Amino acid sequence: MVQVEQLSTRRPAVSVEELLKGFVPSPRFGEVSFATYRPDPSQPSQAQAVQMLQEFGDSVAQKPATGLRKLFGGKAKKSDARAGIYLDGGFGVGKTHLLSSLWHQVEGPKAIGTFVEYTNLVGALSFRKTVEALSHYKLVCIDEFELDDPGDTVLMSRLMRELADAGVKLAATSNTLPGSLGDGRFAAVDFQREIQVLADQFEILHIDGEDFRHRGLPTPPAPIANSDLDTTMRREFAGKTVAVDDFGTLVDHLAGVHPSRYRQMLEGIDAVVWRNVHTITEQSVALRFVVLADRLYDKDVPILASGAALDALFTPDMMTGGYQKKYFRAVSRLTALAREAQAEAPDATAVSVGQTRG
């Protein structure tokens, strides 16, 4: 027996407190630690990252200084002078694992979320209320740090600067060095001052290791025929609560739900079924769908789908354009969830483990 729901009918109302409570590690990283991270012996920077982050976590417990001059200037010790630490490296080298381990190490009020979740938080609360809420935290961790447009550049520059002024310690991960954020997406040179402010907040540590993008996109399972979808759903998801939606209806519905609420929209859902998947052709719609893909992956929600294959979700131009990292990540994560639903263990394991390392 399957209990059927529809995501396309859900419009969750979320309080400020509920939004902030969502800034915790996803279930995939709910119990990780520095001890459970396994550095590659052939990549010394991975062990170095563990040591530096542990030391950084110890520094968070110290009495915070205020003002960027106090944080970066004077004769303070190096560990005291850092407002933030920035982990740069390819997909699958363990950045999210390390960032989550830092979050677990630090006691007291703290937050961890993706870059998109923080920009969505500002959109939901307002900039000033977001600063007021986060200024009381000891640590703010930002995963998958990327700047996608000029507005985000200015917004995150101001947010990081004001949090640093308030004595909040910052930690971030990205696949792009701070000085290169925005390249390929907009005229980054016109916003170099804001980008430099971001770069100045962090001590940068590059983590070496194999970037799973070099292995190419994983091949998703073949789409299921519409006539077989219900039977497959009952077999694979017996006893579970399943959200069954027409893909086009769901995509349209997402435009009316603020992305900061996508996590709550998935509450109580054990699996999803999409009918008639098709290629998304509008950039704004595609970027919105990437947020849903991330939240599905965070909650480890398996997927069954008919229609187009999941590696055809985005147009070729999107997959080679300025946002290609986002789309590549979304396709890889959705493929892992689809393989999980159809129990295609051998290849699925390789994808999910690489992604779980972050």
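Having 3 or more residues that are open to solvent by 10 Å² or more (accessible area, probe 1.4 Å), more than 15 Å from residue 202 (Cβ to Cβ) and at pLDDT 80 or above is the bar; report the helices (runs of 4 or more DSSP H) wholly within the stretch 45-152 that clear it.
By residue number, 95-105, 115-125, 127-134.
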Seminar exercise, completed: The lone condition residue 161 fails out of (1) open to solvent by less than 50 Å² (accessible area, probe 1.4 Å); (2) touching a helix residue (DSSP H, G or I) at 6+ places or on another chain (Cβ under 8 Å); (3) at pLDDT 80 or above; (4) assigned to a helix (DSSP H, G or I) is (1)
For this session: Please tell me if residue 169 is surrounded by fewer than 22 Cβ atoms within 10 Å (Cβ to Cβ), basic (Lys, Arg), touching a Pro at 6+ places or on another chain (Cβ under 8 Å) and modelled with pLDDT of 70 or more.
Result: no
Exercise. Can you find even one residue in the stretch 276-284 that is touching a residue at least 40 places away in the same chain (Cβ under 8 Å) and out of contact with any helix residue (DSSP H, G or I) (no Cβ under 6 Å at 6 or more places or on another chain)?
Worked result: yes
Problem set entry | Odd one out for residue 191, checked against (1) modelled with pLDDT of 70 or more; (2) on the phi < 0 side of the Ramachandran plot | (1)
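The values are calculated or read from the model by the stated rules, or taken from the named source; none is laboratory data. None of the values given here were measured: they were computed from a predicted structure. In this analysis, Cβ positions are derived from the backbone assuming ideal geometry, glycine residues included, and neighbour counts consider all displayed protein chains. When the accessible area is computed, the model is the full protein with side chains, heavy atoms only, and any ligands, DNA or RNA have been set aside. Shrake-Rupley method; radii C 1.70, N 1.55, O 1.52, S 1.80 Å.
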